[in-house]
Amino acid sequence: MYSFILGNESIKMALSVSAGGRVWRKFFKTFNFGPNSALKRFPTCTANGRLYSSSSDNVLVSKDEKSGIATVRMNNPPVNSLNSAMLVSLRSCFEELENDKSCRALILTSQKPKVFCAGLDILEIYRKSPDYVAQFWEKLQDMWLSLYGSRLVTMAAINGHSPAGGCLLSLACDYRIMAEGKFTIGLNETQLDLVAPFWLRQTMVDVIGYRQAEMALMIGALYTSNKALQLGLVDKLAPIEDVQTVAEEEVKNWLKIPDQARAITKMASRKPLLDELRKRKQEDIQTFRDETTRESVQISIQQYLEKLKAK
């Protein structure tokens, strides 16, 4: 287990995935998420933007009509677990923005600072049928394809911890700005007897290089903000209260480049991996289903959940 420090609260996180709101909520009981909190719900509209509606309130989107910059705020308390509903909402949001010709950029962040995204909801793969696990994994694939393959400038404003699935989302973006301090990021799947898929491993290699990625993936490393910057896992650091503002300023620099030239160059780099996943999609689903439903993995998950409940 790693100990993540959020304010005065020490939170024990499984090294790759969130254990769902039912388990996590007790760790966040000291935080004020009420209507008078500084972390209150992002407004549904702004003077110069409009809301992209979602099937639920777990993804909040506003767009500045003048600049064409959209901000996507993950809003699945307490830790933005990537459950089935969240994956579907994110994909729907990304695709809607992709098809909006007036949209030029997307900033992905968390509505609740201190946790960007805690990763996959572990309850989605615990004691579920093979078919259910397969369907869940396909939702993750589709969400990733829509973000990694986007024509838009995509920027991760990482305003908190970002293990596993949170790191996956960040790696899919063009640029990553992370909060300074004790926050951590990384692909730590092996710590729970899980293996990152080939397309995520390759993305990690592309971002930080073969040797560093190989080592990080094997040991399931989580890196502090400073170490992540040193490795190139993130591109810039900012105080947590300034992450969004810094991201907005950085996006404006990217938008000085003509959209078509930038998007074509981006797709030339990313098309091989996008095509490879589309080609091997069913193989990847089968691999994840078979590995995840192994009894040894299920026992590891069970033991982890029991440890969390005992805290």
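The values are calculated or read from the model by the stated rules, or taken from the named source; none is laboratory data. Remember, it's a predicted structure, so these values are computed and weren't measured experimentally. All Cβ positions, glycine included, derive from the backbone under ideal geometry; neighbour counts span all protein chains shown.
Could you say which residue among Ala172, Ala238, Ala221, Ala261 is closer than 21 Å to Trp144 by Cα and of a type in the set (Gly, Ala, Ser)?
Values: Ala238 fails: closer than 21 Å to Trp144 by Cα; Ala221 fails: closer than 21 Å to Trp144 by Cα; Ala261 fails: closer than 21 Å to Trp144 by Cα.
Being closer than 21 Å to Trp144 by Cα and of a type in the set (Gly, Ala, Ser) holds for just one of Ala172, Ala238, Ala221, Ala261, which is Ala172.
Which residues, taken from the range 185-220, are surrounded by fewer than 15 Cβ atoms within 10 Å (Cβ to Cβ) and hydroxyl-bearing (Ser, Thr, Tyr)? Tyr210, the sole residue that qualifies. Between Ile301, Ile285, Ile240, the distinction of being surrounded by 13 or more Cβ atoms within 10 Å (Cβ to Cβ), in contact with a strand residue (DSSP E or B) (Cβ under 9 Å, 6 or more places away or on another chain) and β-branched (Val, Ile, Thr) belongs to Ile240 only.
For residues in the range 130-162 being touching a strand residue (DSSP E or B) at 6+ places or on another chain (Cβ under 9 Å) and β-branched (Val, Ile, Thr), which is surrounded by the most Cβ atoms within 10 Å (Cβ to Cβ)? Across the range 130-162, the extreme among qualifying residues is Ile158.
Close Cβ contacts (under 8 Å, 6 or more residues apart or on different chains) running from residues in the range 115-136 that are within 21 Å of Gln286 (Cβ to Cβ) to residues that are buried (at least 18 other Cβ atoms within 10 Å of the Cβ) and among the basic types (Lys, Arg) comprise Pro130/Arg289; Val133/Arg289; Ala134/Arg289. Residues in the range 214-227: is at least one under 18 Å from Leu169 (Cα atoms), outside any helix (DSSP H, G or I), of a type outside the set (Ser, Thr, Tyr) and out of contact with any Asp or Glu (no Cβ under 7 Å at 6 or more places or on another chain)? So far as the range 214-227 goes, yes, one or more of its residues are under 18 Å from Leu169 (Cα atoms), outside any helix (DSSP H, G or I), of a type outside the set (Ser, Thr, Tyr) and out of contact with any Asp or Glu (no Cβ under 7 Å at 6 or more places or on another chain).
Here Thr245, Thr224, Thr265 are screened, and the one residue that is touching a residue at least 24 places away in the same chain (Cβ under 8 Å), surrounded by fewer than 18 Cβ atoms within 10 Å (Cβ to Cβ) and on the phi < 0 side of the Ramachandran plot is Thr224. Checking the stated criteria, Cys93 turns out not to satisfy the condition of being in a loop (DSSP other than H, G, I, E, B), buried (at least 22 other Cβ atoms within 10 Å of the Cβ), touching a residue at least 40 places away in the same chain (Cβ under 8 Å) and among the hydrophobic types (A, V, I, L, M, F, W, C).
Looking only at the range 268-302, how many residues end up being in a loop (DSSP other than H, G, I, E, B) and touching a residue at least 12 places away in the same chain (Cβ under 8 Å)? So the answer is 2.
Please go through the range 68-88 and pick out each residue that is crowded, with 23+ Cβ neighbours inside 10 Å and in a helix (DSSP H, G or I). Spell out the reasoning first.
Within the range 68-88, the first condition is being crowded, with 23+ Cβ neighbours inside 10 Å, and the residues that meet it are 69-72, 74, 76, 79-82, 86-87.
Answer for the range 68-88, where residues must be crowded, with 23+ Cβ neighbours inside 10 Å and in a helix (DSSP H, G or I): Met86, Leu87.
Taking (1) over 21 Å from the mean Cα position of the chain (by Cα); (2) over 22 Å from Phe136 (Cα atoms); (3) at pLDDT 95 or above in turn, Val251 satisfies each apart from (1).
Among the residues making up the range 172-182, those that are touching a residue at least 60 places away in the same chain (Cβ under 8 Å) and in contact with a Leu (Cβ under 9 Å, 6 or more places away or on another chain) are Cys173, Asp174, Arg176, Ile177, Met178, Ala179, Glu180, Lys182.
Every residue, every condition in (1) buried (at least 16 other Cβ atoms within 10 Å of the Cβ); (2) over 16 Å from the mean Cα position of the chain (by Cα); (3) not hydroxyl-bearing (Ser, Thr, Tyr), yes or no:
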position	(1), (2), (3)
Asn99	no, yes, yes
Ile107	yes, no, yes
Gln111	yes, no, yes
Ile125	yes, yes, yes
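Looking across the range 124-173, just one residue is over 19 Å from Ala105 (Cβ atoms), of a type in the set (Val, Ile, Thr) and not in a helix (DSSP H, G or I), and that is Ile125.
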